[in-house]
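The values are calculated or read from the model by the stated rules, or taken from the named source; none is laboratory data. Note that the structure is a prediction, hence the values are computed from the model and not measured. So basically every Cβ, Gly included, is an ideal-geometry build from the backbone, and we count neighbours across all protein chains shown.
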């Protein structure tokens, strides 16, 4: 299902608002000293992130039926996301993207993809402990990785233990 000219134009306008809001939110988090992660690695085009995009929503969208219906209708009609599951404890909607072709592992509307798709995997860095797909070429690296690595190396730990700690603490 390729996007037509009207849908591409609508998505372009919405993406600008999304990008502006995202930039403000991230700037605010940095000013408050949040943001413990940096992005390392590069995309290896596994398209694992496209198989079942998930969106965490606020309490208003999750619990208010009108807001919930509007959100899901937007995702279905504009973004081409069809709801396949809900994770109630985390307030997450899981979708199937109608633009993703599992055979070719490609998006048929890549140029007009939604902001959340453009922002992946950066959005994962905003959470408490980023969790990437094993097939993904990206990884989270702690902002203070160099200092933590020096501290660990000063402990004279066995090589295996040091390597395990570096991996678990996202130091490389």
Q) In the stretch 36-82, how many residues are surrounded by 13 or more Cβ atoms within 10 Å (Cβ to Cβ) and closer than 29 Å to residue 135 by Cα? A) 25
Q: Restricting attention to the stretch 26-35, report how many residues are free of Cβ contacts under 8 Å to residues at least 60 places away in the same chain and part of a helix (DSSP H, G or I).
A: 4
Q: Out of the residues in the stretch 99-146 that are touching a strand residue (DSSP E or B) at 6+ places or on another chain (Cβ under 7 Å) and in a loop (DSSP other than H, G, I, E, B), state the one that is farthest from residue 3 (Cα to Cα).
A: 143
Q | Positions within the stretch 106-127 being more than 17 Å from residue 15 (Cα to Cα), touching a residue at least 12 places away in the same chain (Cβ under 8 Å) and within 10 Å of the chain's Cα centre (by Cα), in sequence order | A | 124, 125, 126
Q) For residue 33, are the conditions met, namely being loosely packed, with under 13 Cβ neighbours inside 10 Å, farther than 30 Å from residue 144 by Cα and at pLDDT below 90? A) no
Q. Within the stretch 16-55, how many residues turn out to be under 14 Å from residue 116 (Cα atoms) and in contact with a helix residue (DSSP H, G or I) (Cβ under 6 Å, 6 or more places away or on another chain)?
A. 1
Q.
So residue 90 passes all but one of these: (1) at pLDDT 90 or above; (2) in contact with a strand residue (DSSP E or B) (Cβ under 9 Å, 6 or more places away or on another chain); (3) closer than 21 Å to residue 23 by Cα. Which condition number does it fail?
A. (3)
Q: Check whether at least one residue in the stretch 46-56 is within 29 Å of residue 139 (Cβ to Cβ), more than 15 Å from the chain's Cα centre (by Cα), touching a residue at least 60 places away in the same chain (Cβ under 8 Å) and in a helix (DSSP H, G or I), and report yes or no.
A: no
Q. In this structure, does residue 165 turn out to be farther than 30 Å from residue 19 by Cβ, without any contact (Cβ under 8 Å) to a residue 12 or more places away in the chain and surrounded by 11 or more Cβ atoms within 10 Å (Cβ to Cβ)?
A. no
Q: Go through the stretch 94-109 and give me each residue that's over 16 Å from residue 48 (Cβ atoms) and surrounded by fewer than 18 Cβ atoms within 10 Å (Cβ to Cβ).
A: 98, 108
